[in-house]
Structure formats: C-alpha cells, structure tokens
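The values are calculated or read from the model by the stated rules, or taken from the named source; none is laboratory data. This is a predicted model, so every value here is computed, not measured. Because the Cβ atoms are built from the backbone with ideal geometry, glycine has one as well, and the counts that use them run over all protein chains shown. Ligands, DNA and RNA are excluded from the accessible area calculation, which covers all protein heavy atoms including side chains. Shrake-Rupley method; radii C 1.70, N 1.55, O 1.52, S 1.80 Å.
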Amino acid sequence: MSRLAHGMLAGLDEIAEVGRDAARGGYSRHLWQGPDLELRAWFIERATRIGLDVETDRNGNLWAWWGEPGENAVVTGSHLDSVPGGGAYDGPLGVVSALDAVASLKGSGFQPSRPVAVVVFAEEEGSRFGVACLGSRLLTGAIDADRARSLVDRDGVTLAEAAGLAGLDPRRLGIDRAAIDRVGLFIELHVEQGRGLIDLQSPLAIASSILAHGRWRLTFAGQGNHAGATTMAERRDPMVAAAHAILAVTEAAVASPDSRATVGRLEVVPGGTNVIASRVIAWLDARAPSDRQTRDLVADIEVRIRLALAGTGCSLQITEESWSGLVTFDPTVAENLATALGGTPLMATGAGHDAGVLAALVPSAMVFVRNPTGVSHSPEEFAEAADCVAGVSALERMLRSVL
Ligand code: HGY
Ligand code: MN
Ligand code: MN
C-alpha cells in the first residue's frame, strides 16, 4: 500500500495479509489469537531489527526501548488489534509510524536526552474481552484487576486463562506502577476516524479532546418457544423487545445534541429460524460531549426502552461494561506540539484511544492523519501514502522537540 521508494511505512505492507477476514472483509485481529500473535512477533522482530530492546509488561503490552528503559521516557505507539472486520490503519498506522520515526532519528545520529520507547497496547478495541483499551486500563489501574481477570470471551475463556496461555502470570495483571511511572510523555499517532481532517483540509491535526463514552450490555429475556405453535398473543419474544430498544437508542441519541449511540452487536439465544428466542443480548455504545450528558443519554435510553417493553412481556437487565469520561488533552502539550509542527490545527474526536486512558496519569497527546473516506472500523478506512509520510515526519519532529 505505501510502496514508497525509501521504505517508510513498509511495515504496513509487511502485515497486510495478517488477519485478513474473508467473511467480513477487512481484518479481524483479536488479542492473543493467531493474527494478534503473528503481529506481536512481527513487532518484536521489526523493533529488534532497528536496534530496540522489546519487553512485554505484566499486562501484555509490548515496549520497545531505545537504550536503557528509564524515568521520564518519551513513549509513542498505538495498538495492533482490530475490531471485527476492521481497516488496515486503526492502530497499525501509529505503531508503524512510531517505529519509522524512531528508526529515522536513530539513523540520523540523533542522541536523545530522555529514554524513548515504542509501545503496543493490548486489546485496544475490546473485541475479544469487551472492554476497550484493556491493556492501558490494566497498566494504569483504570480497571479493577479481579474484574478484568474474570472477563470472558465469546467462547467462555477468561482473561486470566488467556493471559496464562499467552505466557503471562494472571495474578500479576493490573496496575503496573513501575511501568507507568517511567512514562514522561505519550504521543499516539492515529488515522482519523471521521471527516474532521477532510473538513479542515489538513493532512494532520493534534487532538484536543475525546467524547465521554461507554459500553452497556442489554439483556432482554422472554420465553423461548415454537414459531408455529405459539400464537402472536401468547408470545414473550425478546427479539421484538430488542427491536423496539434499538429504535429507542437512535431516537434518544438524535434528541441529545452532538451525541452518538449505537447497537452494533446482537446475540440471539438460541438462534433458530423456527424458534422464538428466549434471550437477546444487545451491546450499546453511547457517547456525548460530557460525562453528565452521556450518563443522561443512557438514562433516557433506559426510560425509552422500559416504556417500549411494556406489552412485550419481556424483562431487561442493563450492565455497564466500560466507561471512559471526557478526555481533555493537556492544552500546553498539544499547543507546543502543534507549534513544533508549524501550526497544525487542533481537533476533537469521538473515538476512544489508549492516549485518552494514559492522559489521566501522564501528559499525553495525539496526532491524527487524514482519512479521505471519512470511514473507519470498516475495510474502507484509508490514508494516502503522502499523508502517512507527513505523519511520520511530524512524529519525528515532535519527538525531536521533546528529546
Ligand atoms: O471504540 C473506539 O472508539 C475505538 O476506536 N477504540
Ligand atoms: Mn478503533
Ligand atoms: Mn485505534
């Protein structure tokens, strides 16, 4: 895809076949499963090739160090996992750009005044265990370790079991003070996931904020029964309840300014054409410009759903799976980096990121690379090679400005 004479961004070509999903389109790369393991091995090999020393932390995040690991480090990177059927850039662009920027600095003979590392965070999308930014949440203590250990994937495997199989000690999952205390500044480069940079007519922007957002599991329970023998009047069909609920989700979000709410995943139990379901699980993703507004939106959704449920004979249970408050990136850091780039614009985003989790504990910043399709979490996600190169060179300039 990059096909650049100087080899910059060749890493994207090197991993272009890993985790391709023929059924969904795009890529499915989920924590510690085949493609994710292949990408981790690729990262270790590539980082080692440019002279970095790679370590895996207690939570499965990878850190590639330039020289001795140490305090006040400047860390850059992103993630390699994807949503189901995701694009090629969400995550990998930040990792490949970080490796290229550091390789270029090293190659130029630059001597950093602070330790430098390239990081790969585990399970950023939460596609296997349901909690987004799981690796950075564990690292920073933003998720309770016992709760994390008991998260289960779609096959009933717990995070503790999966971590053990991946060679980690599940008892040591959780806040890692030694690892987080070394980070003096984190910079994540990321493909833009909406139309922000198309509208700004700029190849790059520095992040100003991330919408508050969270995930909720909605379980609708009814009576499983026979599709032919059960009259319409007799039914307690949770599929009907879920259908009302999905409409209520959209109506509530439309009524709340600048809010977004999505049901992108459904599980129907038992899931037979001639079977009235006994249970339907719907996952809600809700986002809004403030914590209060996001909480109010979810409360409004619940009221609307409960009203719509009356008459269906079904019950509803709501469980919060994850919560991320509004993130405002350190404005001084953002403005200094924007100035180092010669006046790059600042831009807010609706997408969550590990940089948003780290921002609670350490100065963190993000740079976005234009996505001409404006589409993400989909195979249509894209970035022009020239914009990707501008991203790497911006990252290199940002690193120079703080090293
Ligand atoms: O869901 C999100 O916002 C993401 O892209 N991790
Ligand atoms: Mn994503
Ligand atoms: Mn991402």
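Within segment 150-169, take every residue that is more than 21 Å from residue 216 (Cβ to Cβ) and among the charged types (D, E, K, R) and give me the one that is least open to solvent (accessible area, probe 1.4 Å). If we take residues in segment 150-169 being more than 21 Å from residue 216 (Cβ to Cβ) and among the charged types (D, E, K, R), then 169 is least open to solvent (accessible area, probe 1.4 Å).
Number of residues in segment 184-226 that are of a type in the set (Phe, Trp, Tyr) and closer than 24 Å to residue 369 by Cα: the value is 1.
Evaluating residue 284 against the criteria (1) more than 25 Å from residue 372 (Cα to Cα); (2) open to solvent by less than 40 Å² (accessible area, probe 1.4 Å); (3) over 20 Å from the mean Cα position of the chain (by Cα) leaves one unmet condition, (3). For residue 178, are the conditions met, namely being farther than 27 Å from residue 395 by Cβ and either among the charged types (D, E, K, R) or open to solvent by 20 Å² or more (accessible area, probe 1.4 Å) (or both)? No, not satisfied.
Tally time: how many residues in segment 271-281 are loosely packed, with under 15 Cβ neighbours inside 10 Å and in a strand (DSSP E or B)? So the answer is 1. Examine segment 121-128 for a residue that is among the hydroxyl-bearing types (Ser, Thr, Tyr) and more than 13 Å from ligand 3 (Cβ to nearest atom), and state whether such a residue exists. The answer is no, given that none of the residues of segment 121-128 is among the hydroxyl-bearing types (Ser, Thr, Tyr) and more than 13 Å from ligand 3 (Cβ to nearest atom). Of the candidates 250, 230, the single residue that is away from ligand 3 (no atom under 16 Å from the Cβ), surrounded by fewer than 19 Cβ atoms within 10 Å (Cβ to Cβ) and not in a helix (DSSP H, G or I) is 230. Within segment 69-90, can you find the residues that are surrounded by fewer than 24 Cβ atoms within 10 Å (Cβ to Cβ) and acidic (Asp, Glu)? Across segment 69-90, the qualifying residue is only 71.
Table: residues versus (1) modelled with pLDDT of 95 or more; (2) surrounded by fewer than 22 Cβ atoms within 10 Å (Cβ to Cβ).
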| site | (1), (2) |
| --- | --- |
| 6 | no, yes |
| 9 | no, no |
| 24 | yes, yes |
| 31 | yes, no |
| 41 | yes, yes |
| 51 | yes, yes |
| 67 | no, yes |
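Look at segment 17-44: where a residue is assigned by TED's automatic domain parsing to the domain that holds residue 152 and β-branched (Val, Ile, Thr) and a partner is in a helix (DSSP H, G or I) and open to solvent by 30 Å² or more (accessible area, probe 1.4 Å), sitting 6+ places away or on another chain with Cβ atoms under 7 Å, you get 18/35; 18/38.
When you look at residue 101, is it of a type in the set (A, V, I, L, M) and either within 16 Å of ligand 1 (Cβ to nearest atom) or part of a loop (DSSP other than H, G, I, E, B) (or both), yes or no? Against the criterion (of a type in the set (A, V, I, L, M) and either within 16 Å of ligand 1 (Cβ to nearest atom) or part of a loop (DSSP other than H, G, I, E, B) (or both)), residue 101 does not qualify. Considering 379, 331, 345, the condition of being more than 16 Å from ligand 1 (Cβ to nearest atom) and open to solvent by 50 Å² or more (accessible area, probe 1.4 Å) is satisfied by 331 alone. Residue 93 satisfies every condition listed in (1) touching a strand residue (DSSP E or B) at 6+ places or on another chain (Cβ under 6 Å); (2) within 16 Å of ligand 2 (Cβ to nearest atom); (3) in a loop (DSSP other than H, G, I, E, B) except (3). Within segment 146-166, residues that are in a strand (DSSP E or B) reach partners that are open to solvent by 40 Å² or more (accessible area, probe 1.4 Å) with beta carbons closer than 7 Å, at six or more positions or on different chains, in the pairs 158/149; 158/150; 158/152.
Among the conditions (1) in a strand (DSSP E or B); (2) within 24 Å of residue 372 (Cβ to Cβ), residue 55 misses just one, which is (2).
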